[in-house]
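Worksheet for the structure shown next.
What follows is calculated from the coordinates using simple rules that are stated; it is not laboratory data. As the structure is a computational prediction, the values presented were derived from the model and not from experiment. Here Cβ is always computed from backbone atoms with ideal geometry, including for glycine, and neighbour counts include all displayed protein chains.
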Amino acid sequence: MNQQVIDFLKIKGVKVLQEEDIDDKFLKWRSWYRGKVDGFHDYYYYQGKKKVKTERLSLNMAQRVCQRWADLLLNEKVSYQADDEYTQEVIDRLLEQTNFRVRGNNLLEASYAMGGGFLIEYWDGKQTSLKYVTQDYAYPITYDSGRLTECAFCSEKVIDNERYVYLETHTLNDKDEYVIDNYLLAKGKNAQVLTEVDPLFYAEHSISPKVETHRKEPLFQMIRPNVANKDEFNSPFGTSVYNGATDILKSIDMIFDSYYKEFYLGKKRIFVPNGVTTFAVGYHGETVQAFDPNDEVFYSVPPVDGHENEIRESNMALRVGEYNTGLQTQLNLLSQAVGFGSEGFKWDQGSVHTATQIISQNSEMFRSIKKHELLLKGVVIGMIKGLLFIERQYTGDQKIDPETDITIDFDDSIIEDSAEVQRRALLEVNSGLIDAVEYFVQVYHYTDEQAEDFVNKMRARQPQPMTEPELEEE
């Protein structure tokens with residue numbers, strides 16, 4: 001957290017909530033996410049005479065864990081539905097306009113690494129937009145009962161080729177309505193002093209210093225893993241999904257690095273005496289190399305008495321099986337630590353694969369997914385409501401229904417085999433346990449109304465049986 005920003009907010013009468021060592025945690029989580037931790041992946045070893053700097057290889061499992069969670073929770077199969085048909089069309093357009101299906105997935109991945117992230121709805125002067133920021137750029141102001149109600153966000157904005165610190169605060173007024181204050185801060189020559197720009201600068205660049213939303217719900221939502229902060233339970237900051245697994249991440253990278261060195265140091269070598277590597281040719285007795293000097297397998301050594309022409313081979317046995325077992329054991333421990341169950345990752349033929357088993361067979365992973373979805377559902381609904389509010393407020397589109405019910409359907413195909421669901425539902429229809437409407441609810445995830453309408457349409461299309469005309473009486 002930037003202390004200059006904190007001091008500026010204090011001058012404006014805003015007190016930022018802080019947590020001890022939070023910056024160190026951000027640094028640690030970010031380093032593991034990038035796959036390079038200072039003092040661990042770059043280190044020194046003593047080779048008998050001096051210390052030599054070297055670099056440890058990484059499987060980058062921290063990033064793989066976060067990518068896996070993002071793909072499970074917020075993938076392309078997640079659907080967003082509103083009761084009002086016109087509002088549904090607006091939602092589809094806004095999600096496309098803000099690139100949410102791509103950037104939302106990216107933010108969830110980064111948020112699970114950094115402990116949290118934020119979606120911020122706003123009007124950019126031309127259209128409804130959405131910001132995606134991780135929690136290391138957030139400055140909590142008010143936190144109560146597990147909910148962050150007031151917050152400031154810091155980012156960088158380039159205006160006329162000059163870089164400014166853009167600071168916005170979302171706070172409640174005495175009517176419990178949100179007010180957004182925007183500040184542009186110029187950096188001094190040494191970048192240590194932040195000063196607010198001249199008030200005329202805001203008007204010249206169409207920036208509103210203050211926005212009265214007249215809204216009791218915030219225009220920001222926090223994405224974070226549904227995991228308790230073990231360091232400080234009532235902290236406004238979320239905790240990384242792999243916060244308690246960094247020791248396992250170290251073990252994985254140590255084994256992987258040793259695995260590589262096992263092959264590198266165990267390469268086959270052929271030691272050839274100097275007298276054997278050359279021979280004379282031509283009338284003048286010129287000597288040439290008998291072996292290609294660029295071939296790594298040959299190594300020229302001084303001859304030993306009595307063994308002047310002996311060629312020796314070094315072919316060390318590789319401990320591949322032991323390394324495979326050790327690495328798989330650590331991957332299983334990591335999988336459990338981050339909520340994937342005991343077999344979320346598989347080490348196979350020199351690379352890590354994601355387990356392809358149906359998640360319904362893995363009760364621990366099923367519970368973890370449902371737990372994270374519980375928190376994510378409210379976040380996404382709040383974001384959509386915020387986008388609709390901005391669109392209606394600034395475009396004047398009164399056809400948008402701000403009170404419409406919004407539902408989020410997560411990708412259930414990752415939890416249960418869709419083919420098995422369809423097979424079971426079909427058997428139940430044929431046996432009379434459920435009707436056609438319930439079949440479409442179970443298999444295609446329609447609402448009751450959607451399923452009933454669809455079934456009625458299908459029945460209306462079916463050809464009606466022909467009836468014989470009545471005979472006329474003579």
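For the pair Arg101 and Ser258, a Förster radius of 45 Å applied to the C-beta separation gives a FRET efficiency near 0.65, rounded to the nearest 0.05. Between Lys10 and His214, the FRET efficiency from the beta-carbon distance, with R0 = 35 Å, is close to 0.80.
Among Ser206, Ser155, Ser335, the ranking by other beta carbons within 10 Å of each residue's beta carbon, starting with the fewest, stands as Ser206, Ser155, Ser335. Label-to-label distance, Lys346 versus Asp124, with points set 7 angstrom from Cα along the beta-carbon direction: 4.3 nm. Using a cut-off of 24 Å between Cα atoms, the listed pairs Lys12/Lys210; Lys15/Lys370; Lys50/Lys261; Lys126/Lys175; Lys210/Lys385; Lys187/Lys385 include Lys15/Lys370; Lys126/Lys175; Lys187/Lys385 as exceeding that distance. Dimensions of segment 62-199 based on its C-alpha atoms, expressed as ranges along the principal axes with the largest first, amount to 49, 40, 39 Å.
Going from the residue with the fewest nearby Cβ atoms within 10 Å to the one with the most, Tyr139, Tyr202 rank Tyr202, Tyr139. Computed over segment 417-461, the percent of Cα pairs more than 16 Å apart is 37.
The phi torsions of segment 34-41, fed into the Karplus equation with coefficients 6.51, -1.76 and 1.60 and a -60° offset, translate into couplings of 7, x, 8, 10, 4, x, 10, 7 Hz, rounded to whole numbers, with Gly and Pro shown as x.
Once you have the Kirkwood Rh of segment 3-233 from its Cα pairs, apply Stokes-Einstein at 20 °C and 1.002 mPa s and quote D in µm²/s. So the translational diffusion coefficient is about 105 µm²/s. Give Lys131/Lys371; Lys131/Lys157; Lys25/Lys250; Lys346/Lys377 a once-over and call out the pairs whose C-alpha atoms are over 19 Å from each other. The answer is Lys131/Lys371; Lys346/Lys377. Across segment 126-242, the convex hull enclosing all Cα atoms gives 162 Å³ per residue. Remark: Ser240, Ser431, Ser342, Ser31 ranked as Ser431, Ser342, Ser31, Ser240, counting other beta-carbon atoms within 10 Å and listing the fewest first. Charge dipole (Cα centre; +1 on Lys/Arg Cβ, -1 on Asp/Glu Cβ; no other charges) of segment 3-233 amounts to roughly 1540 debye. Full extension of the chain segment joining Glu232 with Phe454 gains 74.8 nm, where the gain is 0.36 nm per residue of separation less the Cα-Cα distance.
So how do 12-19, 386-393 stack up, highest first, on mean other-Cβ count within 10 Å?
Result, highest mean first: 386-393, 12-19.
One decimal place: the segment Asp23-Thr407 gains 134.6 nm when fully extended, by the rule 0.36 nm per residue minus the C-alpha distance.
Given their separation in residues at 0.36 nm each and the Cα-Cα distance between them, Ile434 and Thr54 gain 130.2 nm when the chain is fully extended. Taking a quarter of the surface of the Cα convex hull of segment 36-133 gives a mean projected area of 9.3 nm².
In this simple spin-label approximation, Tyr45 and Ser155 carry label points 7 Å from Cα along the Cα→Cβ vector, and these lie 4.5 nm apart.
Using equal-weight Cα scatterers in the Debye expression, the normalised intensity of segment 23-69 in log10 at q = 0.14, 0.20, 0.27, 0.33 Å⁻¹ is -0.44, -0.70, -0.95, -1.13.
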